[in-house]
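Quick notes on the structure that follows.
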């Protein structure tokens, strides 16, 4: 009888522990949930030669996105990402791309080459420690995170409903047809207008290449 009670208490404790771990995570993200604060980061190097810190960002809305120079899905959405930045050029929006992979082709020298070759119009930082990627729960490239004026997460996941894959230099193919639901664009617009409660889709399952972490995520 005592053994049964002990086993029952262990099971309840394990269940409560697992629930508490999962309660802070989103539907598709094992770490972040909607409403969570943007992780702090300090003096991370960018392809421009400057460093960037979260406390220095003055814009009202921040979009973070994980990229990889070698991932065909990351390369496939570059043109759409550039177009997104152009769309909000005159708005108080800061777009920051992030590279975490341990692959040497995803480190700063190749990042600079890719940014110049593709005409990136946004900040592109390197986080060698991978701390920012882990704090965001970033699992694939590309994966988007939109934060509002209070630096609260209002959306995470896909750029839009149709992931794109590069199929040759300068050629990308949408996997689900032409995009119709522009999740990040919609979230940014509502965050600028302080109408986050009207964002219909708050989280989607990001689609891309697995981020290469030291010792896993």
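The values are calculated or read from the model by the stated rules, or taken from the named source; none is laboratory data. What you see is a predicted model, and the numbers here were worked out from it, not measured in a lab. Backbone-built Cβ (ideal geometry, glycine too); neighbour counts: all protein chains shown.
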**Request:** Among the candidates 84, 159, 132, single out the residue that is touching a helix residue (DSSP H, G or I) at 6+ places or on another chain (Cβ under 8 Å), in a helix (DSSP H, G or I) and at pLDDT 95 or above.
**Result:** 84
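Report whether or not residue 68 is assigned to a helix (DSSP H, G or I) and buried (at least 22 other Cβ atoms within 10 Å of the Cβ).
No, not satisfied.
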**Message:** Out of 188, 201, I need the residue that is in contact with a helix residue (DSSP H, G or I) (Cβ under 6 Å, 6 or more places away or on another chain) and either in contact (Cβ under 8 Å) with a residue 40 or more places away in the chain or not in a loop (DSSP other than H, G, I, E, B) (or both). Which one?
**Reply:** 201
**Request:** Identify the single condition in (1) surrounded by fewer than 17 Cβ atoms within 10 Å (Cβ to Cβ); (2) over 20 Å from residue 191 (Cα atoms); (3) modelled with pLDDT of 95 or more; (4) over 14 Å from the mean Cα position of the chain (by Cα) that residue 104 does not satisfy, given that it satisfies every other one.
**Result:** (3)
**Members of the stretch 107-129 that are crowded, with 16+ Cβ neighbours inside 10 Å, touching a helix residue (DSSP H, G or I) at 6+ places or on another chain (Cβ under 7 Å) and over 20 Å from residue 41 (Cβ atoms)** = 118
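This table checks each residue for (1) touching a residue at least 24 places away in the same chain (Cβ under 8 Å); (2) part of a loop (DSSP other than H, G, I, E, B); (3) over 24 Å from residue 170 (Cβ atoms).
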site: 27; (1), (2), (3): yes, yes, yes
site: 30; (1), (2), (3): yes, yes, yes
site: 45; (1), (2), (3): yes, no, yes
site: 49; (1), (2), (3): no, yes, yes
site: 90; (1), (2), (3): no, yes, yes
site: 111; (1), (2), (3): yes, no, no
